[in-house]
Amino acid sequence: IKKIAAYKNIWLDAGTEDVADMMDLFVNDAEFVVLGTKALHNLGELEEATELSDKVIFSIDYDDGIISPDKKIAGMGIKNLIEEIKSFKDLDTIIFMDLGGHREKIPVDIEMLAPLIENFKNVYLSAYVLPENYPDLEEAGITGLIMDFRNIEGDSDE
């Protein structure tokens with residue numbers, strides 16, 4: 001991490017489970033640390049993390065529902081999750097990881113993202129996205145895309 005951080009800012013999603021793990025990543029020069037639902041054991045860890053640093057990005061891992069080891073988080077819908085976290089200090093950047101859409105090659109439901117876009121300054125999307133989807137995503141207010149190059153089809157110049 002330190003070698004890469006000497007050249008570029010790093011947003012690191014290392015499966016961080018708690019604040020102690022997050023602090024280890026910052027010590028190793030991560031610019032931002034991603035805390036995702038698939039690793040967090042409860043939302044209290046996310047809240048504590050946002051109180052300690054304004055460099056926390058929250059990732060919602062989704063596959064026909066929120067993925068989480070915490071049954072409470074896994075049982076929430078997107079709107080309920082947003083209600084729980086929207087007041088967390090300095091939490092303004094969200095990544096929505098549509099893992100099922102990637103796997104099944106199904107574009108994300110933009111309407112499902114509307115509550116995220118309405119409540120957070122930056123919403124990044126990792127999903128199965130086709131170039132013809134770009135204008136709709138931009139119009140909806142998506143900040144940017146996180147591309148998985150293993151899923152990109154076509155010429156290398158595209």
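The values are calculated or read from the model by the stated rules, or taken from the named source; none is laboratory data. Everything numeric here is computed off the predicted structure, so don't read it as measured data. Note: ideal-geometry Cβ built from the backbone for every residue, glycine included; neighbour counts use all protein chains shown. Only protein heavy atoms, including side chains, enter the accessible area calculation; ligands, DNA and RNA are left aside. Shrake-Rupley method; radii C 1.70, N 1.55, O 1.52, S 1.80 Å.
What to note about this one:
- Dipole magnitude for the stretch 88-150: computed about the Cα centre from +1 point charges on Lys and Arg Cβ and -1 point charges on Asp and Glu Cβ, it is near 300 debye.
- Computed over the stretch 23-139, relative contact order equals 23 percent, with contacts defined as Cα pairs under 8 Å that lie 6+ residues apart.
- The stretch 45-105: relative contact order as a whole-number percent, Cα under 8 Å and 6+ apart: 46
- Carbon + sulfur, % of accessible area of the stretch 25-112 - ligands and nucleic acids excluded, 1.4 Å: 47
- Note on exposure: 147, 76, 112 ranked by accessible area (1.4 Å probe, complete protein assembly) read 147, 112, 76, with the most exposed listed first.
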